[in-house]
Amino acid sequence: MSDNHTETATFGEGCFWCTEAFFQRLDGVLKVISGYGGGHVINPTYEQVCDKNTGHVELAQIIYDPSKISYDELLEVFWKTHDPTTPDRQGNDSGPQYRSAIFYHNEEQKEKAEKYKALLDQSGAWNKPIVTTIELFSNFYPAETYHQDYYNRNENQGYCRFVIGPKLEKFEKVFKDKLKKA
């Protein structure tokens with residue numbers, strides 16, 4: 001494997017600001033792009049997606065170095081950083097754009113996602129069935145510039161301080177061995 005080999009993972013776990021903030025901190029993740037995918041409108045705007053008629057999901061597209069972090073490790077973070085049992089909702093955010101979804105880029109990703117989902121469902125880790133969809137990657141449109149790197153640029157904004165901040169604190173404790181070194 002060459003030094004510049006990268007792979008892509010695409011996850012929807014509610015608000016992409018949270019998802020982006022988690023994955024950006026992982027060693028081996030080179031870039032996280034907030035965007036929209038899985039819908040039928042070409043180049044949708046945030047307002048269009050929020051109108052709930054585009055079929056799109058808020059997504060984080062993760063470019064990573066598989067020699068440093070595996071797809072399995074990314075899946076572990078995905079499953080542990082949101083509630084996969086709430087259809088079209090994460091916390092106070094509700095609507096089809098906030099649904100839990102994995103968009104796989106190849107058969108290996110599909111198999112791993114399906115296996116992890118089945119094991120989690122069987123484990124009883126959740127009181128309700130997991131509703132995460134596992135779908136073939138079909139499209140991705142980067143969100144507007146102001147959505148990119150949102151938490152890092154707006155740490156003191158209300159939503160960031162009171163919603164993302166506490167989640168990020170827990171995340172950094174749980175995944176401390178996988179974080180980028182300062």
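The values are calculated or read from the model by the stated rules, or taken from the named source; none is laboratory data. Keep in mind the model is a prediction, meaning the values are calculated, not measured. Counting neighbours? That spans all protein chains shown, and the Cβs are built from the backbone with ideal geometry, glycine included.
Brief remarks follow.
- Pairs where the first residue, in segment 145-161, is among the hydrophobic types (A, V, I, L, M, F, W, C) and the second is assigned to a helix (DSSP H, G or I), C-beta under 7 Å, 6+ apart: Cys160/Tyr151
- Residue under evaluation Asn127, criteria (1) in a helix (DSSP H, G or I); (2) exposed (fewer than 15 other Cβ atoms within 10 Å of the Cβ); (3) not aromatic (Phe, Trp, Tyr), criterion not met: (1)
- Filtered residues of segment 145-160 (kept if of a type in the set (D, E, K, R) and surrounded by 13 or more Cβ atoms within 10 Å (Cβ to Cβ)): Asp149, Glu155
- If you check Leu120, Leu168, Leu179 for being modelled with pLDDT under 95 and of a type in the set (A, V, I, L, M), only one passes: Leu120.
- Qualifying residue in segment 44-61 (condition: over 24 Å from Phe171 (Cβ atoms), of a type outside the set (S, T, N, Q) and in contact with a Pro (Cβ under 7 Å, 6 or more places away or on another chain)): yes
- Residues of segment 123-140 classified as out of contact with any Pro (no Cβ under 6 Å at 6 or more places or on another chain), modelled with pLDDT of 95 or more and of a type in the set (Ser, Thr, Tyr), total: 2
- Residue that is nearest to Gly14 (Cα to Cα), among those in segment 74-111 that are among the basic types (Lys, Arg) and surrounded by fewer than 19 Cβ atoms within 10 Å (Cβ to Cβ): Arg89
- Selected residue [buried (at least 16 other Cβ atoms within 10 Å of the Cβ), more than 18 Å from Val131 (Cβ to Cβ) and either hydrophobic (A, V, I, L, M, F, W, C) or at pLDDT below 95 (or both)] from Ile33, Ile42: Ile33
- Residue check for Asp149: modelled with pLDDT under 95 and in contact with a strand residue (DSSP E or B) (Cβ under 9 Å, 6 or more places away or on another chain): no
- Subset of segment 156-182 [over 19 Å from the mean Cα position of the chain (by Cα) and either assigned to a loop (DSSP other than H, G, I, E, B) or not acidic (Asp, Glu) (or both)]: Asn156, Gln157, Gly158, Arg161, Phe162, Lys181, Ala182
- As a summary of the residue check, Asp121 satisfies the conditions (1) free of Cβ contacts under 8 Å to residues at least 12 places away in the same chain; (2) closer than 17 Å to Leu26 by Cα; (3) not polar (S, T, N, Q) except for the one numbered (2).
- Conditions (1) farther than 25 Å from Glu107 by Cα; (2) surrounded by fewer than 20 Cβ atoms within 10 Å (Cβ to Cβ); (3) polar (S, T, N, Q): number failed by Thr8: (1)
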